[in-house]
Every structure is written in C-alpha cells, then in structure tokens.
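Q: For reference, the structure I am asking about is given below.
The values are calculated or read from the model by the stated rules, or taken from the named source; none is laboratory data. Computed from a prediction, not measured in an experiment: that's the story for all the values here. Please note: Cβ atoms are built from the backbone with ideal geometry, for glycine as well, and neighbour counts cover all protein chains shown. To get the accessible areas, we keep the full protein, side chains included, count just its heavy atoms, and leave off ligands, DNA and RNA. Shrake-Rupley method; radii C 1.70, N 1.55, O 1.52, S 1.80 Å.
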Amino acid sequence: MMLYKLIPPSVVTATIQLPASKSISNRALIINALGKGTYAPENLSDCDDTQVMIKALTEGKGTIDIMAAGTAMRFLTAYLSVTPGERTITGTARMQQRPIQILVNALRELGAEIVYTNNEGYPPLCIKGAELKGNEITLKGNVSSQYISALLMIGPVLKDGLTLHLSGEIISRPYINLTLQLMQDFGAKAAWTSPSSISVAPQLYQSIPFKVESDWSAASYWYQIAALSPKAEIELLGLFRNSYQGDSRGAEVFSRLGITTEFTSQGVKLKKTGKAPERLEEDFVDIPDLAQTFVVTCALLNIPFRFTGLQSLKIKETDRIAALRTELKKLGYVIEEENDSILMWNGERCEPEEIPVIDTYEDHRMAMAFAPAVICHPNLLIADPQVVTKSYPGYWEDLKQAGFQVINEG
Ligand SMILES: O=C(O)C1=C[C@@H](OP(=O)(O)O)[C@@H](O)[C@H](O)C1
Ligand SMILES: C=C(OP(=O)(O)O)C(=O)O
C-alpha cells in the first residue's frame, strides 16, 4: 500500500491550473459522438474518467472497461443502446455494485436490448444497439441524475424525440441542467416543461468549437486549503463567474467560512477574511460532490454543522457517509448520521490516533478532502493517494507547487 506524508508550508502561495471538468468533458464527448462532429471538444480533462470515455468511443472494442467512472457507465449505456453493434460494458468491483436498473428499465421501455451479464440491476451489461421507439417515459429522479442525463443526451437522435417525467425528489438537478445547457449549445432543443418534466425534440446535433471549463469540484480543495491555512494566497485558473457547473456554488458556501472569491480575467483569487460562523447548515442535494470538502473543513475549523441532502453519497465511489465518519474519528471528531442522508456534528471529540492513516476507499474525493487536513493534523498519512487520478491526476504535483512537501512513505 502506498502512503503519503505531507508537510504544509507556513504560507500557501500558488497559481494553480486546475484540471478540466470531467462532467463537461464526458458530456461533450457523448454529444460529439452522437452528432458525428467535425470539431473535437478542446481542453478535455486528462483524468481517468474522461480517458476511459475517449477510449470507449474511439477503440471500437467488444468489451469496454470504464473502471470507476459513473458518468461513463451511465452515459455509454444510453449511447450504446442507439449505436449499431453489440458490446459489453463493465467496470471496477465497486462499479458492479452501483445501481443502474432505473436507467436500464427506461431504455428497455424505449426498446433497447440490454442484458445483465452478472447481477440483475448492476453492471456489467451486454448492449445491442437498436433503433429506439416510444418517446414518453416516467422514471425516478431521486437516485442518480446521471440516468436522466444519459437519456436526455440520446433524445435528439430518437425519431420522435423524448419526454421524461421524473418522480420523487429530484437530486443533483444542476447536473441535469448542465446536460441541457450542453445539448442546447450543440443545437438541440431540450428544456424543462414543468418542475419535473423535460422534453427533447428530434433534431441533429450541430458540431461547434467547444472548450471545457476548469473543474469547480476540484477547486473546492483549494478553498479548503485557504480556509485551513493561517495564511494563503491562491489563484485558480480557468474558472468563470457564470459557470455551467453547479459546484460553482461552493464559492458562496466558502464565503460563509471566511473565504471570498475575486473573479479575474483568468480565473479566481481566494481571499481570507478570517470570519467564521458559529455553525453551518447546508443542503447538499444540488452539490453532492462538495460534501466531503465541507464536512472535513468544518470539523477541523471547529464549526458544528448539519448537512442535509446527502442521500446519494452511499452509492458513489464508496459509501461516503460511512467513510467520512470512520476517517474523521481517527482525527478525533465524532460525526453523527441520520436517515442515510444527513451528517451532523455538535462539536463532540474523541481521542485522535497518534499517526492516523486515512483510508481512501478507491474514492478520489476522500484523498483530496483529507490531504488539506494535514494543516491541522501534521501526523496524518494518506493511503493509496493515486486514487486522485479519477478526476484530478495533477493534485499531488499541484500541492507541491503550492509549497507542500509530499513524501512517499512506501
Ligand atoms: O452528471 C454528472 O456529471 C455527475 C452527477 C452527480 O452524480 P449523481 O447524479 O449520481 O448524484 C455527481 O455526483 C457526479 O460526480 C457527476
Ligand atoms: C460521484 C462521482 O463520480 P461518478 O458518479 O461519475 O463516478 C464523483 O466524482 O464524486
């Protein structure tokens, strides 16, 4: 097992070229493939989740391994259902435990030919491309928005278009809006027709020159470093005020923790005001990928919190509710859980471990959200640090550039 020991600088000074957004990259790639575009999307992410998508779309293999990429698994399942040929799509052991039945049922209702090769309801899937019929379906909106994005993106290539009715509370809605935004950019007619229905018109995608923005989820770890450091001067390149990404709301939530954002022509500069609240309450239903960042940050700043809307965390790269509680306990913080969807901390402490080894559970965000914790807990070690390549391959190099020492303890 690889372990990283980190030594923070006394002042963090850095200008960081963030990775490009994997969510935008993977949507642009699918839309581009469906539109047989003449322009290739620019500034695609160099992360694993995007690299597996590029391979799947270009190699033409009979078996596609998307490793741990949820977006690639869900988006390609819909894409392969409308693309000639027969392919098997699989992923890591964890991916084979992440549910996909809601999407498969919806696609089958449209006539897709999909077989579970192993366990009913889970990847791997064997998919035979077909011409899909039928254009109006109802599916659950409260498990993963990726099922909805996957269906929406194939909507324009269906003969009669597609209307989706979403039941239950809609989670991760900004990711659905991101899909609609990109589809519209590429010439599709797709929009909400009610708070829970979306219609897509049949219409060919147009090819346009398109450049992917930097990743706001990745930016959150730098806001966290600014919040935890006594002194920090951090500039993040490639972020915009009017971002397509829902996680840009992290800037507003961090402003309540005393980190304000100044937009420049190149990106953002983070400023520490030093003001912190007595308590933080936030609903994460729209920003699930920021949950780990804020749970770790608040505990370490000694800010009691109550975070709701975390119901999707159990089916992500790992059960993030359990992982956060277990690992923060090693650092001496007792976090409570309620209804599988709420994390709370009332300030309760326990004895921290002398040399806490933070396990990362094949979850990039566990590594990235706990690395900044070294500023307050200098003895901690990060296990399996290479997990960051799922979304941010340059994370450790960027920390070095910011003055952190990153030591491989073997
Ligand atoms: O569509 C997307 O790009 C994503 C949607 C979200 O997943 P859920 O809709 O499953 O919450 C998010 O957690 C994931 O990292 C990326
Ligand atoms: C949940 C995530 O990814 P995915 O669902 O696409 O695997 C994530 O990046 O935090």
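Q: If the reach is capped at under 20 angstrom between alpha carbons, list the lysines near Lys390, excluding any in the same chain fewer than eight residues apart.
A: Lys22, Lys55, Lys314, Lys316, Lys400
Q: Can I ask one more? How large is ³J(HN,Hα) for each residue in segment 363-378, as worked out from phi by the Karplus curve 6.51 cos²θ - 1.76 cosθ + 1.60 (θ = phi - 60°), to whole Hz, x for Gly and Pro?
A: 10, 3, 6, 5, 5, 6, 7, 8, 4, x, 4, 4, 4, 9, 10, x
Q: Between Ser10 and Glu86, what FRET efficiency comes out of the Förster formula 1/(1 + (r/R0)^6) with R0 = 45 Å and r the beta carbon distance, rounded to 0.05?
A: The formula returns an efficiency of 0.15 here.
Q: Any idea how far apart Lys61 and Arg349 come out in nm if each label point goes 7 Å out from Cα toward Cβ?
A: Between Lys61 and Arg349, the simple spin-label model gives 5.0 nm.
Q: Taking a ≥ b ≥ c as the square roots of the Cα gyration tensor eigenvalues, with a/c under 1.5 meaning rounded and otherwise prolate when a/b beats b/c, else oblate, which class fits the chain?
A: Here the chain falls in the prolate category.
Q: Determine which aspartates and glutamates satisfy two conditions relative to Lys211: a Cα distance under 12 Å, and not lying fewer than 8 residues away in the same chain.
A: Cross-link targets: Glu42, Asp185.
Q: Continuing with the same structure: Using a 1.4 angstrom probe on heavy atoms only, work out the carbon and sulfur share of the accessible area of the chain in %.
A: Exposed carbon and sulfur together represent 48 percent of the surface.
Q: How many nm separate the modelled label positions at Glu338 and Lys271, each set 7 Å beyond the Cα in the direction of the Cβ?
A: 3.6
Q: Measuring with a 1.4 Å probe in the full set of protein chains, what accessible area per residue, in whole Å², belongs to segment 22-200?
A: Per residue, segment 22-200 has an accessible area of 38 Å².
Q: Ranked highest first by the average count of other Cβ atoms within 10 Å around their residues, in what order do 110-122, 204-216 fall?
A: 204-216, 110-122
Q: Evaluate E = 1/(1 + (r/R0)^6) for Tyr116 and Ile407, where r is the Cβ-Cβ distance and R0 equals 35 Å; express this FRET efficiency to the nearest 0.05.
A: Calculated transfer efficiency: 0.20.
Q: Please identify the trypsin sites (Lys or Arg not before Pro) of segment 55-87 that satisfy two criteria: DSSP loop assignment and at most 13 other Cβ atoms within 10 Å. Which are they?
A: Answer in residue order: Lys61.
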